[in-house]
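Asks: Here it is, the structure, as structure tokens.
The values are calculated or read from the model by the stated rules, or taken from the named source; none is laboratory data. Keep in mind that this is a model prediction, so the values were computed, not measured. Every residue, glycine among them, receives a Cβ derived from its backbone with ideal geometry; neighbour counts consider all protein chains shown. All accessible areas refer to the heavy atoms of the entire protein, side chains included, with ligands and DNA or RNA removed. Shrake-Rupley method; radii C 1.70, N 1.55, O 1.52, S 1.80 Å.
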Amino acid sequence: MATLFDYLLIITFYFAAIGLAFFFSWGAAWVFRKLSARLQARKGPPAYQPIADIIKLFGKERFIPRLANKFLYTLSPLVALSAILILSFMIPPGTPFWPGPLAFDLIVILYFSVMFSLAFVIAGWASGSPWGKIGASREVAMILSVELPLAIALLIPSLALARVGSGFSLSITDVIAAQEGIFIWFLPNWFLFHYPLASVALFLALLTKSWMRPFGDIPEAEQEIFAGPLTEYGGPLLGIFELARLFRFYVFTALFVDLYLGGGDGLIFPLNLLVFLVKCLVIVIIMTIIHVASARYRISHAFKWFLTVCLAFAVFSLIRVLVGF
Amino acid sequence: MTRKKKTEKKTIPMQIDEVTAPEYVIPLGPFHPALLEGEYFKLKVEGEKVLEVDLKLGYNYRGIMKLAESRSYHQNMYLFERVCGICSAAHTTAYSTTVEMLGGIELPDRARYIRTLIAELERIHSHLLWAGVGMELIGFKTLFMLIWRDREHVLDVLEAISGNRQHYAMNTIGGVRKDIEKEAIPKIEEKLKVLHKATETATKAVLEDGGIRARTKGIGTLDKEIAKQISVVGPVARAAGIKIDVRKDDPYAAYDEIPFDVITANDGDIFSMALVRLGELVESVKISQYCLDKLKTTGGPIQAEVKEIPPGEAVGRVEAPRGELMYYLVSNGTNTPERARVRTPSYLNDYALLFMLPGESLADVPITVASIDPCMACTDRICTVVNQDMRTQKTSTIQELFKNSR
């Protein structure tokens, strides 16, 4: 029987999770921008820049283009922000003891991650600009190519729970709990070492979902189609979109760390959070280096790559999980 | 918040027509992140595929050829320097070569080497600029930043020689305006070594990086026969396998004695154009080195004596970074030219795009447009004002333009 105290606890956790996600994303966005600047022989922005950009947008005029569908144009940033906020609450910060998740939360996470991308499709179509429509069609193509390997790679740890010892479960907390201990020699019991190919597939899918090159920035390729789906956006509505996009640094890295890198490694409270955040930051740095060191491919390349190589990695791991070798 | 009341519906240019969907028209330009100057491509696309292309120029018309008829030969030097910011030395070299042909003026040796050196340094800076922009357009921002960092070295050299990063103002009729001191030469040689290394790095990146290869190989292919028919020039022609180079075919300045290779490729795609330009960078560094070696030993004046220009006409050609640049001058015996005609390389190369773009994906349009290295500043000729509703248009005469500009 849930008491009032339980609800208050959940609300507290909710705000704590959002705060953690926000401040980590802020820092990670700065690391992303500073590191890529240094690698490109530039100076880079100060630490407050990622958030200053968003605050600036909220101070600007609110407008809706005449050709836009007013309802969807206003709704889509809110859809994106709510989807990413729910995700940042549902993905635990490295600990198996987390009130957010439900019994089948991996499926819910999958759906909300698609909803986040769909918000951009709606935005592009609702804005009434040809550039927005092309961006939206590219975003749809990205969803179609990325989501299949992403879904398979996301569910492999939960299918593998049965083989690790605990029973089959679609809960992300059970996946984190199952990764405690030692695999072989000194290697920790992470799913990265159990299913390396699936982790590569998930990493590439999440890299793309976080708008990182080589594939991620195709829908908003500046030199080709201005800002893609967000071409007609400006002011506070763009600010909401940018705020939602800021959270990607936390949500997608945390998802990878929880599923394949063992979360907080089952340590006690402050330590597990610290270990978890360090792992997230390492993932952000790896993503930044890949982003900086690559050219932008075409959408056809992305489609081919994800539905051949990435899907093959994921399906191979899936067969390994099901057959067991 | 107050908002204006909805007025009567205006015709919006390029509105998407519901009837012909999914084919619709995309306005690329006149202002677009991929374009550095004003030009307008009307792209009819189906999804991402480009079906038809229409090109419209004339956003940057300045009437320089008309202005040239009211200025003296020496004043025109400053005018033609400003036709284009990137190839200013090519324009003044072409102009002064043409005037020297009119007046029968022989260049002193030292002036020939300095003129060649400046032309080649400018080619290095222009090709590095192109390589950086091209990398940016395929989304490789890192290489763009690094190439432009290396480009600073050649700008430093030009600044050390002439005092300016652009608009060097080195050429004059019958020679050059400034000498290069012996003490400055070792520093320039050092910078040339850095440039040589930077060129090698860029070439290696283009040859080895999978992303660059995937985005440029087989894209924007210009067939050799079509290239001949529309008479493209410069690196675009050389990439299609046509071995033309004014420096070899019709040598000016000191090119008749300098050994260098004309770089060609066979495929005519963007990858070949990149390879041709990167190959030319290496050759340009070599030519610059040759000129510096000669400057160490050659003495003498840097300007010839200029007498009156007799009546007559002359055509001068030089190889600008973008291809053949032609100047046609008619003299009537006074100190002002009767007629000046400039034919710039982009004027010819722009029309190659109408053959290169159809069939490509929309993602490849920016890099294909940039692959011919279009330079609008020198190309725009006509001036047609199209009103905002895209229905009426008006062509201005030169008198009206003069009236509007004063």
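Asks: Run down the lysines and flag those whose C-alpha is under 22 Å from the C-alpha of B:LYS294, throwing out any fewer than 8 positions away in its chain.
Replies: Answer for B:LYS294, where 22 Å is the Cα cut-off: B:LYS178, B:LYS182, B:LYS187, B:LYS191, B:LYS193, B:LYS248, B:LYS286, listed by chain and number.
Asks: Run the dipole for chain B about the Cα centre, Lys and Arg Cβ at +1, Asp and Glu Cβ at -1, nothing else charged, and hand back the magnitude in debye, nearest 20.
Replies: I would put it at about 1320 debye.
Asks: Apply 1/(1 + (r/R0)^6) to the Cβ-Cβ distance of B:ASN266 and A:LYS43, taking R0 = 41 Å, and write down the FRET efficiency to the nearest 0.05.
Replies: 0.45
Asks: Next question, about the same structure. Could you report region B:64-361's accessible area per residue, 1.4 Å probe, as an integer in Å²?
Replies: Averaged over the residues of region B:64-361, the accessible area is 38 Å².
Asks: Gaussian network model of chain A, Cα springs within a sub-10 Å range: biggest mean-square fluctuation belongs to which of A:PRO92, A:PRO236, A:PRO149?
Replies: A:PRO236
Asks: Per Stokes-Einstein, at 10 °C and 1.306 mPa s, what whole-number D in µm² s⁻¹ belongs to the protein assembly as shown, with the Kirkwood radius over Cα pairs as the hydrodynamic radius?
Replies: Numbers: Rh = 29.1 Å.
D, rounded to a whole number, is 55 µm²/s.
Asks: Remind me, relative contact order of region B:64-361 in percent, using alpha carbon pairs under 8 angstrom and six or more residues apart?
Replies: Once divided by the residue count of region B:64-361, the mean separation gives 28 percent.
Asks: I'd like the FRET efficiency for B:GLU106 and B:ASP249, computed as 1/(1 + (r/R0)^6) with the beta carbon distance as r and R0 of 25 Å, rounded to 0.05.
Replies: 0.75
Asks: Of A:THR208, A:THR231, A:THR12, which has the largest mean-square fluctuation in a 10 Å C-alpha GNM of chain A?
Replies: Result for chain A, Cα springs under 10 Å: A:THR12 fluctuates most.
Asks: Could I ask something else about it? Setting aside same-chain residues fewer than 8 positions from B:LYS228, which aspartates and glutamates have a Cα under 16 Å from its Cα?
Replies: Straight-line reach from B:LYS228, under 16 Å: B:ASP245, B:ASP267, B:ASP269, B:GLU324, B:ASP350.
Asks: Could you please state, rounded to a whole Å, how far the C-alpha centre of region B:318-350 is from the C-alpha centre of region A:223-252?
Replies: Rounded to whole Å, the Cα centres lie 48 Å apart.
Asks: While we're on this one: Over the Cα atoms, compute the radius of gyration (one decimal) and Dmax (the largest Cα-Cα distance, rounded to a whole number) for region B:165-323, in Å.
Replies: 18.9, 59
Asks: For every other residue with a beta carbon closer than 12 angstrom to the beta carbon of A:PRO46, add +1 if it is Lys or Arg and -1 if Asp or Glu, then tell me the sum.
Replies: +2
Asks: Under a 1.4 angstrom probe, counting protein chains only, how are B:ARG213, A:ARG320 ranked by accessible area, largest first? Let's see the in-between values first.
Replies: Numbers: B:ARG213 95, A:ARG320 55 Å².
From most exposed to least exposed: B:ARG213, A:ARG320.
Asks: Just to check I understand the Karplus step: with θ = phi - 60° and J = 6.51 cos²θ - 1.76 cosθ + 1.60, what whole-Hz values come out for region A:73-83, glycine and proline as x?
Replies: Each residue of region A:73-83 in turn: 4, 7, 6, 4, x, 5, 4, 4, 5, 5, 4 Hz.
Asks: Okay, next question. Can you count the Lys pairs in region A:4-324 whose Cα atoms are under 24 Å apart, with each pair 8 or more apart or on different chains?
Replies: 12
Asks: With Cβ to Cβ distances under 9 Å as the rule, what net charge do the other residues near A:ILE84 carry (K, R +1; D, E -1)?
Replies: Working: positive: A:ARG245, A:ARG248; negative: none.
It works out to a net charge of +2.
Asks: Quick check: from the Cα gyration tensor, does region B:99-216 come out rounded (a/c under 1.5), prolate or oblate? Could the numbers behind the result be given before it?
Replies: Details: a/c = 2.86, a/b = 2.07, b/c = 1.38.
Note, shape of region B:99-216 comes out prolate.
Asks: Hey, if you put +1 on the Cβ of every Lys and Arg and -1 on every Asp and Glu Cβ in region B:64-361, which of B:GLY85, B:HIS74, B:ILE226 ends up farthest toward the positive end of that dipole?
Replies: With unit charges placed on the Cβ atoms, the residue in question is B:GLY85.
Asks: Taking a probe of 1.4 angstrom, what is the accessible area of B:SER231 in Å², to the nearest 10?
Replies: 60
Asks: What full-extension length gain, to one decimal in nm, is calculated for B:THR298 and B:HIS167 as 0.36 nm per residue of separation minus the Cα-Cα distance?
Replies: Full extension of this stretch gives 44.6 nm more.
Asks: Something else now. Which values, in whole Å and largest first, are the semi-axes of the equivalent ellipsoid of region B:64-361 obtained as the square root of 5 times each eigenvalue of the Cα gyration tensor?
Replies: Three semi-axes, in Å: 32, 24, 16.
Asks: For region B:297-306, just list the computed ³J(HN,Hα) in residue order, Karplus coefficients 6.51, -1.76 and 1.60, θ = phi - 60°, integers in Hz, with x standing in for Gly and Pro.
Replies: Going residue by residue, I get 9, 7, x, x, x, 10, 9, 8, 6, 10 Hz, with x marking Gly and Pro.
Asks: Could you list log10 I(q)/I(0) for region A:234-324 at q = 0.14, 0.15, 0.25 Å⁻¹, which the Debye formula gives when each Cα is one point scatterer?
Replies: Reported log10 I(q)/I(0), two decimals: -0.82, -0.91, -1.14.
Asks: Tell me, what is the Rg over Rh of chain A, with Rh the Kirkwood radius over Cα pairs?
Replies: That ratio equals 0.97.
Asks: Straight-line reach from B:LYS403: which lysines fall under 25 Å, measuring Cα to Cα and dropping same-chain residues less than 8 apart?
Replies: Partners found: B:LYS56, B:LYS66, B:LYS394.
Asks: For chain A, with a Gaussian network of springs between Cα atoms less than 10 Å apart, report the residue from A:VAL309, A:VAL31, A:VAL140 with the top mean-square fluctuation.
Replies: Judging by the Gaussian network model, the answer is A:VAL309.
Asks: Just grab the label-to-label distance for B:ARG82 and A:ASP53, each label 7 Å out from Cα along the Cβ direction, in nm (one decimal).
Replies: Simple spin-label model gives 3.8 nm for this pair.
Asks: Note down the nm distance, to one decimal, between modelled labels 7 Å out along Cα→Cβ at B:ASP156 and at A:LEU75.
Replies: Placing both labels 7 Å beyond Cα along the Cβ direction yields 5.9 nm.
Asks: To continue, here is another question. Working with all protein chains in place, sort A:TRP26, A:TRP185, A:TRP305 by solvent-accessible area computed with a 1.4 Å probe, largest first.
Replies: The ranking, largest first, comes out as A:TRP185, A:TRP305, A:TRP26.
Asks: Please compute the net charge surrounding B:THR142, taking Lys and Arg as +1 and Asp and Glu as -1 over other residues with Cβ under 14 Å from its Cβ. Don't skip to the answer; put the middle values down first.
Replies: On the way: positive: A:ARG33, A:ARG38, A:ARG42, A:ARG213, A:ARG296, B:LYS141, B:ARG149; negative: A:ASP217, B:GLU136, B:ASP150, B:ASP209.
Charge balance in the 14 Å sphere: +3.
Asks: Another question about this same structure. Taking the Cα centre of the protein assembly as shown as origin, work out the dipole magnitude from +1 charges on Lys and Arg Cβ and -1 charges on Asp and Glu Cβ, in debye rounded to 20.
Replies: 1380
Asks: To the nearest 0.05, how large is the calculated FRET efficiency for B:ASN335 and B:TYR61 if R₀ is 22 Å and r is the Cβ-Cβ distance?
Replies: 0.25
Asks: Further, regarding this structure: Given H placed on each backbone N at 1.01 Å, which residues far from B:GLU52 in sequence or on other chains put an amide H within less than 5 Å of it?
Replies: Under 5 Å from the amide H of B:GLU52 lie the amide H atoms of B:LYS44, each far enough along the sequence or on another chain.
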